[in-house]
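Asks: Got a structure here, written out as structure tokens. Questions coming.
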């Protein structure tokens, strides 16, 4: 049985190609063309650590995104299997002269607020073509964002009912926030930083920039 570990413990393994982000760890490796990216993906898939613990591989003409997750309870959902696979993948990346770019890592969650979430889930499931799992909508192929439903005690005048959570690596949050503010956004709240910051566009539509920092009750890693 796999041993659960936190995002912080994974970070301390020294796997610099990888970043924890929304329950898993990911690495993006640049490639000059599709054939190179595909060849690298085949090499990753052939690793014993990946045969036993398959990662999600997203092959593009510009590179390869690799995501690992053991789907265990807890804020990170990681295990020692992810550490072993990540280490082996990084070794193969060096053999293939592939360079990691952590700035390309991130994912998005769509949050819809309602005073009666259960009443609106069927509509969004139907219109988006996504499956409901424990009150959330999920794409089986992980191509689209997870859609979550937030219970509101009462309507929030002046606030949109839909907002986006943008999960980024912990060392990419502040540059991402700075870019958003420079592009005309405003900071709504940073009271929960460095776990998340609430931003808004000029029309008041909100987005949260979120990291794994704070999910274990501690601050930035050493």
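No value in this document is a laboratory result; all are computed from the given coordinates. Remember, it's a predicted structure, so these values are computed and weren't measured experimentally. Cβ: placed from backbone, ideal geometry, glycine included. Neighbour counts: every protein chain shown.
Asks: Picking from 169, 102, 202, which is most flexible by a Gaussian network model of the chain using Cα springs under 10 Å?
Replies: 202
Asks: Rank 17, 201, 33 by mean-square fluctuation in a GNM of the chain with C-alpha springs under 10 angstrom and give only the top-ranked residue.
Replies: Highest fluctuation of the listed residues: 33.
Asks: Quick one: P(r) of the stretch 4-104 from all Cα-Cα pairs, 10 Å bins, percents rounded to integers, in order of increasing distance.
Replies: Bins of 10 Å from zero give 17, 53, 26, 4 percent of pairs.
Asks: Can you show me the helix-derived [θ] at 222 nm for the chain, built from DSSP H runs with n ≥ 4 at -39,500 (n - 2.57) apiece and divided by the number of residues, rounded to the nearest 500.
Replies: Numbers: 6 runs with 60 residues, N = 222.
It comes out at -8000 deg cm²/dmol, rounded to the nearest 500.
Asks: Tally the DSSP beta bridges in the chain and give the antiparallel ones as a percent, rounded to 5. Please list the in-between numbers first.
Replies: On the way: 35 of 45 bridges.
Antiparallel: roughly 80 percent of the beta bridges in the chain.
Asks: Give me the number: length gained by fully extending residue 97 to residue 58, i.e. 0.36 nm times residue separation minus the C-alpha to C-alpha distance, one decimal in nm.
Replies: Values: separation 39, 0.36 × 39 = 14.04 nm, distance 1.84 nm.
Here the segment from residue 97 to residue 58 would lengthen by 12.2 nm.
Asks: Mean 1/r over all different Cα pairs, inverted: what Kirkwood radius does the chain give, in Å? Don't jump to the answer; show the numbers that get you there.
Replies: Numbers: mean 1/r = 0.0531 Å⁻¹.
For the chain, inverting the mean 1/r across all distinct Cα pairs yields 18.8 Å.
Asks: If each residue's Cβ is checked for other Cβ atoms within 10 Å, how do 148, 21, 208 rank with the fewest at the top?
Replies: Numbers: 148 15, 21 23, 208 19.
Least to most surrounded, the residues fall as 148, 208, 21.
Asks: Label residue 128 and residue 195 with points 7 Å out from Cα along Cα→Cβ: what is the distance between them in nm?
Replies: So the label points at residue 128 and residue 195 sit 2.3 nm apart.
Asks: On to the next question. Which distance in nm do the two modelled labels at residue 188 and residue 140 give, with both placed 7 Å along the Cα-to-Cβ direction?
Replies: Going by the 7 Å Cα→Cβ label model, 3.4 nm.
Asks: Also: Report, as a whole number in µm² per second, the diffusion coefficient that Stokes-Einstein gives for the stretch 107-210 at 10 °C and 1.306 mPa s using the Kirkwood radius over alpha carbon pairs.
Replies: Values: Rh = 14.8 Å.
Calculated translational D: 108 µm²/s.
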